[in-house]
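Below: the structure, in structure tokens.
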Amino acid sequence: MQSRLRQPSKLVAEINMVPFTDVVLVLLVIFMVTTPFLFQGSFQVKLPKVAAPSPNLPETIVISVAPGDKVFLNDKEVAMGDLSNQLKALVQQKPTAIVMINADKTVTHGTVSDVMSQAYLAGVTKLGIAVELNGQNNASAQPSTVK
């Protein structure tokens, strides 16, 4: 009488590659879809030249931003942290004055944004940016109202 004992089965030492392939393909699709969004902001912006004449402006308070992020308020150097307080005092003395930002073209956009933010915190409601007129050495500005 032979007993029907089963012999122990051998272990299968194979890795199933189908789930691994599925995961890799899903990751590939995700990277292909998201990569264009990472590089959208890497294009050059060419700003238009200004040909408008200088408007007649009332009293102005001038904030100059020089290379190296040096900030001047009416030709006196000011630390960025003190700009808001000193500008607030000037705006209280001259409530109808327009604040002009005169930034060098090599100054970063972030620095000009910081200056604009400090002006907003000081209660400035009329803000302009000085530009060079097309083909002239005169500076002009176009005021805008901060809301």
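Just so it is clear, none of the values below were taken in a lab; they were calculated from the coordinates. In this text the structure is predicted, and so the values were computed from the model without any measurement. Cβ: placed from backbone, ideal geometry, glycine included. Neighbour counts: every protein chain shown.
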Among ASP114, ASP22, ASP69, ASP75, rank each residue by its count of other Cβ atoms within 10 Å, from fewest to most, as a rough exposure measure.
-> ASP75, ASP22, ASP69, ASP114
Note down the nm distance, to one decimal, between modelled labels 7 Å out along Cα→Cβ at THR96 and at ASN16.
-> 8.3
Ordered by fewest other Cβ atoms within 10 Å, a rough proxy for footprinting exposure, SER9, SER84, SER64, SER113 read SER9, SER113, SER84, SER64
Tell me, what ³J(HN,Hα) does each residue in segment 71-76 have, in order and in whole Hz, if you take phi through Karplus 6.51 cos²θ - 1.76 cosθ + 1.60 with θ = phi - 60° and put x for Gly and Pro?
-> 10, 10, 10, 6, 6, 10
